[in-house]
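What follows is one structure encoded as structure tokens, with my remarks underneath.
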Amino acid sequence: MTTDKTNFARLMRLQRVIKSMRERDHADAKNRVASAEKSLEDLSRMINEESAVASLFPDLLARHFEKMMAEKHIAARQEQEAADDLVREKKKLETIEGRHTAQKAQEAREAEAKSHSEAIDQRYVRPVSASSKIGGIR
């Protein structure tokens, strides 16, 4: 009789890779948000200080400001999605680790029960085996 056992150790390794990919995606999205915020701060400062560029190209700066606002909004949404994905992957990893621990504990209990059963068998088989040899029973 063969039993199919899930290889939780392999699943854990794969899930850790997936989790690290999600962490990278989340960090990338956070960096895009920070970059957009920095650009917006620079543009705001340029507009507020009434620099030469701002006075020469007000429409260009306004369009660029709108573009940066849109990019920041998209990056913030992607950051939230990446954070949600990361939380899901962490929960999956915790579940797999728990199942792996439970499987190892079950295997240890089965091995101990098998060892105990073999010890009991050996205890009763030896006297029977020796008496059958002495008595000529074959």
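The count of lysine pairs in the chain that are at least 8 places apart or cross chains, and whose C-alpha atoms lie under 14 Å apart, stands at 8.
Dividing the helix sum by the residues of the chain, where each DSSP H run of 4 or more adds -39500 (n - 2.57), gives a mean residue ellipticity at 222 nm of -33500 deg cm²/dmol.
Determine by what factor the alpha-carbon radius of gyration of the chain differs from 2.2 N^0.38 Å, reporting the quotient. Mind showing how you got there, number by number?
Details: Rg = 33.6 Å, N = 138, 2.2 N^0.38 = 14.3 Å.
Computed over Cα atoms of the chain, the ratio equals 2.35.
Each value in this text was obtained by applying a stated rule to the coordinates, not by laboratory testing. Source: prediction; values computed, not measured.
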